[in-house]
Ligand SMILES: *Cc1c(COP(=O)(O)O)cnc(C)c1O
């Protein structure tokens, strides 16, 4: 029997109110890294390993998709439409698990810099049978959404369920409210002390905001360092406050006993100094960070999200700010190798718009 969700244990009424599909194996492991802590001048260092949320594809999106796809399924959706960059981990996770649940995945994508990760994720879509679309700009994306929606209504008699970029709607964010309560449970069980600092990458903010709300509900306030890796329209202090309020209100709608905690201004920092020149640009510094992490842990790190967050942690440690502190790095990237799923696949089978990602010279 899988363990009940910490969120549902704490607020049993939610379990009756909120549809959810079980995709994740929770709790995810907490791993201590004493050697790396010593080498980097951090008091004590742990990883919360959300790379292992699920097989075949882990990472942070799975926690959100348990609620989002549960809702789509309850609504009787036959297809699920979502959004992201060409190599979006979110679009891929949505596609894999929507397909597993018998729904057709539709990914409405926009360009991002080419990389091995982008290519691997695109090939993975061939296995999921995703309907892939690439739009050069926002106007054409909006027109494409309207078109696809109409086409599906005509063909299937029902509109596709819409999941926002990154899965960061109040319903999706519940996955990380639960994750904070899950960590609190692990702290109470003596697996680790309450961290002074938690570092996590911040893309569409659902991960960081969900953690902030979950800890506030639990009455503990580790300092959350959310390292922005996307353009400011997706991640800003203002959006973080709004998302936290909307998510708390959403919870209260389903269980009136749940309070509306204020945004934890003093213990939430959105870091803007590791974004670099643009979304998905891999700098030499990111590559060094990823190599160092992989050598120390044996876990894969990528350079669009995780290397930027861990890079901020290493930089703060190098400045002496984390000496004597208990620090948790929340690892959000899938840990399971994709190569066995894609090495036999031919990129020519992708829609032509995606071929430039594979033509390297
Ligand atoms: C999507 C993603 C993030 C960002 O999470 P948000 O909840 O959108 O802020 C971080 N790391 C990885 C690996 C991701 O795929």
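The values are calculated or read from the model by the stated rules, or taken from the named source; none is laboratory data. Remember, it's a predicted structure, so these values are computed and weren't measured experimentally. Heads up, the Cβs are rebuilt from the backbone with ideal geometry, glycines too, and the neighbour counts pull from every protein chain shown.
Could you list, in sequence order, all residues of the stretch 187-207 that are in contact with a strand residue (DSSP E or B) (Cβ under 8 Å, 6 or more places away or on another chain) and surrounded by fewer than 18 Cβ atoms within 10 Å (Cβ to Cβ)?
Correct list: 191, 192, 193, 194, 196.
Going by what's in this entry, would residue 213 be described as away from the ligand (no atom under 16 Å from the Cβ), modelled with pLDDT of 95 or more, farther than 18 Å from residue 331 by Cβ and touching a helix residue (DSSP H, G or I) at 6+ places or on another chain (Cβ under 9 Å)?
Details: away from the ligand (no atom under 16 Å from the Cβ): no; modelled with pLDDT of 95 or more: yes; farther than 18 Å from residue 331 by Cβ: yes; touching a helix residue (DSSP H, G or I) at 6+ places or on another chain (Cβ under 9 Å): yes.
Answer is no for this residue.
Under 8 Å between Cβ atoms, at least 6 apart or on separate chains: pull out the pairs that start in the stretch 306-334 with a residue that is within 15 Å of residue 208 (Cβ to Cβ) and without any contact (Cβ under 8 Å) to a residue 24 or more places away in the chain and end on any residue that is part of a helix (DSSP H, G or I) and within 16 Å of the ligand (Cβ to nearest atom).
From residues that are within 15 Å of residue 208 (Cβ to Cβ) and without any contact (Cβ under 8 Å) to a residue 24 or more places away in the chain, there are no pairs.
Look through 171, 149 and report the one residue that is away from the ligand (no atom under 16 Å from the Cβ) and closer than 22 Å to residue 74 by Cα.
Values: 171 fails: away from the ligand (no atom under 16 Å from the Cβ).
The unique qualifying residue is 149.
Do you know which of the residues in the stretch 297-333 that are under 15 Å from residue 36 (Cβ atoms) and part of a loop (DSSP other than H, G, I, E, B) is farthest from the ligand (Cβ to nearest atom)?
323
Matching residues to (1) away from the ligand (no atom under 12 Å from the Cβ); (2) free of Cβ contacts under 8 Å to residues at least 40 places away in the same chain; (3) assigned to a loop (DSSP other than H, G, I, E, B); (4) in contact with a strand residue (DSSP E or B) (Cβ under 6 Å, 6 or more places away or on another chain):
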{"position": "175", "(1), (2), (3), (4)": "no, no, no, no"}
{"position": "180", "(1), (2), (3), (4)": "yes, yes, no, no"}
{"position": "209", "(1), (2), (3), (4)": "no, no, no, no"}
{"position": "221", "(1), (2), (3), (4)": "yes, no, yes, no"}
{"position": "227", "(1), (2), (3), (4)": "no, no, no, yes"}
{"position": "235", "(1), (2), (3), (4)": "no, yes, yes, yes"}
{"position": "244", "(1), (2), (3), (4)": "yes, yes, no, no"}
{"position": "251", "(1), (2), (3), (4)": "yes, no, no, no"}
{"position": "256", "(1), (2), (3), (4)": "yes, yes, yes, no"}
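Exactly one condition in (1) part of a loop (DSSP other than H, G, I, E, B); (2) closer than 30 Å to residue 272 by Cα; (3) away from the ligand (no atom under 16 Å from the Cβ) is not met by residue 158; state its number.
Checking residue 158 against (1) part of a loop (DSSP other than H, G, I, E, B); (2) closer than 30 Å to residue 272 by Cα; (3) away from the ligand (no atom under 16 Å from the Cβ), the one that fails is (2).
Consider only pairs whose beta carbons are under 8 Å apart and that are at least six residues apart or on different chains; among these, list those whose first residue lies in the stretch 144-169 and is free of Cβ contacts under 8 Å to residues at least 40 places away in the same chain and whose second residue is assigned to a loop (DSSP other than H, G, I, E, B) and surrounded by fewer than 17 Cβ atoms within 10 Å (Cβ to Cβ).
Close Cβ pairs (under 8 Å, with a partner that is assigned to a loop (DSSP other than H, G, I, E, B) and surrounded by fewer than 17 Cβ atoms within 10 Å (Cβ to Cβ)) amount to 153/159.
Criterion first (touching a residue at least 60 places away in the same chain (Cβ under 8 Å) and out of contact with any strand residue (DSSP E or B) (no Cβ under 7 Å at 6 or more places or on another chain)) does residue 217 satisfy it? Full working, then the answer.
Values: touching a residue at least 60 places away in the same chain (Cβ under 8 Å): yes; out of contact with any strand residue (DSSP E or B) (no Cβ under 7 Å at 6 or more places or on another chain): yes.
Taking the combined requirement at face value, the residue satisfies it.
How many residues are under 25 Å from the mean Cα position of the chain (by Cα) and surrounded by 11 or more Cβ atoms within 10 Å (Cβ to Cβ) when one looks only at the stretch 328-349?
13
May I ask you to list pairs of residues, at least six apart or on different chains, whose Cβ atoms are under 8 Å apart, with the first in the stretch 49-68 being more than 11 Å from the ligand (Cβ to nearest atom) and the second being at pLDDT below 95?
Pairs found: 49/299.
If only one of 4, 19, 56 is touching a helix residue (DSSP H, G or I) at 6+ places or on another chain (Cβ under 9 Å) and modelled with pLDDT under 95, which one is it? Spell out how you get there, then give the answer.
Details: 19 fails: modelled with pLDDT under 95; 56 fails: modelled with pLDDT under 95.
Just a single option satisfies the conditions, and that option is 4.
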